[in-house]
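What follows is a set of notes on a single structure, which appears directly below.
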Amino acid sequence: MQIHKSSNGAQVFIATTKGLVQIQSITALANSDLASVMTIDRTVNTTGVSGDYALFVDSTQGIIKRWFGGSAYRLNVSAAIDVGNSWQLGVFLAHGLANINKLVEHGGDEIFIVTGAIDTENHLVMGVADLSRKCLAAKTHIENWQAKGFNVHFLIPSDNFRQPLPDINVLLRPIASLEQLSTFLSTDDVSNQQSDVALISEAIDTTYEPAQQHADKSTPIHGAQKNKPVFDSTKVDANVLNTQKHYALSKLSKGILGFATILALAIIALLYYKHLFNEPEHSQYRMYVNLSENKADCGFAAKHLIGEGELLIFNNIQAQQIRHVCSMQIATSLNIASVWLVSEDLQINALQPKHKTLSTTDLPQIWDIPNVQNPPRAKSQLLLLFTHDTDLADQQNLQYYLRNQSQSTQLTMLNSYSNNILIWANKLGYKVYIVQQNFAY
């Protein structure tokens with residue numbers, strides 16, 4: 001896998017609660033008696049985690065020498081990093097970029113903001129604290145970089161991905177392991193991918209040439225051999241070597257893969273044919289209300305259709321006189337996997353579907369909407385219709401997110417939350433439709 005020829009390199013920043021700290025440069029130290037060091041802005045001053053960085057490089061308990069070779073390194077950062085381990089993922093990424101001459105301090109095409117600790121034994125990325133504060137500290141920088149045309153990428157641990165986070169106008173990329181990071185950064189196209197980034201191309205190279213040794217003086221990594229592979233063949237882990245075996249076997253299995261591809265295309269065509277003639281092309285809904293002149297006579301309530309059609313991102317249902325409303329239902333197509341009812345005080349109830357219980361609709365799922373007969377003095381309520389399965393963690397996530405947004409923007413009306421709900425869903429990769437029901441008193 002080759003790095004895109006037109007790439008001018010990437011800048012790497014470590015996200016901290018005090019702001020972004022750039023990794024300015026990495027220099028390989030040839031003298032094996034020297035210890036690795038993390039210095040501030042190319043001065044003699046060291047960071048509070050410099051000793052931890054030396055251990056992080058060490059081949060015994062660390063990881064840098066095992067993946068990238070070398071004896072020791074001097075890593076320059078733009079500001080102090082005093083405590084913690086959340087710098088480790090960014091430092092690992094910077095070493096990989098430096099090893100293929102793509103780590104830059106100024107310019108370049110890509111900017112990586114990174115936070116995450118590393119399990120150096122199992123090569124897993126571990127969660128970090130205060131991610132919301134780190135996002136807010138980076139927000140202005142992100143907006144400025146995007147205005148200048150940089151591709152900005154924010155890498156975070158997968159363990160943190162479902163936390164409620166502020167809107168920072170950039171997709172957060174969850175990383176679970178170093179192997180995933182290498183794959184994630186290994187495509188041929190740096191600039192034309194919205195969801196995948198390409199910078200470390202030679203991170204998994206089938207040749208696995210040993211790392212170059214530097215003889216008698218310190219040599220900046222940016223001056224290393226242009227095509228130097230990122231990983232050391234003698235020290236790379238077994239799971240990375242398995243990748244090499246898969247590549248070798250791939251030549252022998254082209255015929256099988258070709259047949260499998262043809263078969264898969266045939267299956268997809270059949271599924272599409274079935275979908276075309278048997279499934280609704282778009283998400284459909286019909287909303288019903290049971291009305292009575294007197295709520296004491298709800299047993300004789302009449303059913304009325306108050307909304308129907310193709311679901312849009314936002315759907316506003318005509319207002320109902322609450323004193324006449326006995327109950328409400330919404331019917332949906334099968335691709336709606338879960339429905340939430342959100343009240344103005346941000347209470348969230350997950351609705352349970354029924355099947356084919358209304359003779360007035362041919363849509364297969366019916367969802368009863370609770371708490372209509374005796375609601376608080378609410379002016380509206382929202383129904384959120386998801387094409388993904390959701391759980392309690394998602395509900396709590398949205399509550400925290402909306403409450404944080406309301407505190408920062410002074411928004412209290414439910415209809416003011418719609419955009420924030422869409423932003424939240426986009427962060428999690430969820431497709432959601434919003435149906436707003438208004439009430440009159």
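The values are calculated or read from the model by the stated rules, or taken from the named source; none is laboratory data. Predicted model, so just to flag it, every value in this text is computed and none were measured. Please note: Cβ atoms are built from the backbone with ideal geometry, for glycine as well, and neighbour counts cover all protein chains shown. Side chains included, ligands, DNA and RNA excluded: accessible areas come from the protein's heavy atoms. Shrake-Rupley method; radii C 1.70, N 1.55, O 1.52, S 1.80 Å.
Quick look at the values:
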quantity	calculated
The range 355-391 - residue that is charged (D, E, K, R) and open to solvent by less than 80 Å² (accessible area, probe 1.4 Å) and, of those, modelled with the lowest pLDDT	391
The range 23-44, residues that are touching a residue at least 12 places away in the same chain (Cβ under 8 Å) and not hydrophobic (A, V, I, L, M, F, W, C)	24, 25, 27, 31, 32, 36, 39, 41, 42
Answer residue from the range 428-441, given it is at pLDDT below 85 and open to solvent by less than 40 Å² (accessible area, probe 1.4 Å) and is farthest from residue 162 (Cα to Cα) among those	440
Search result, residues across the range 110-133 that are out of contact with any Leu (no Cβ under 9 Å at 6 or more places or on another chain) and either buried (at least 24 other Cβ atoms within 10 Å of the Cβ) or of a type in the set (Asp, Glu) (or both)	119, 121, 130
Filter result for residue 271 (open to solvent by 20 Å² or more (accessible area, probe 1.4 Å) and either over 28 Å from residue 395 (Cα atoms) or at pLDDT 85 or above (or both))	yes
Near pairs, Cβ below 6 angstrom, 6+ apart or cross-chain, from the range 314-333 (more than 18 Å from residue 351 (Cβ to Cβ) and of a type outside the set (S, T, N, Q)) to any residue that is open to solvent by less than 10 Å² (accessible area, probe 1.4 Å) and in a strand (DSSP E or B)	314/434
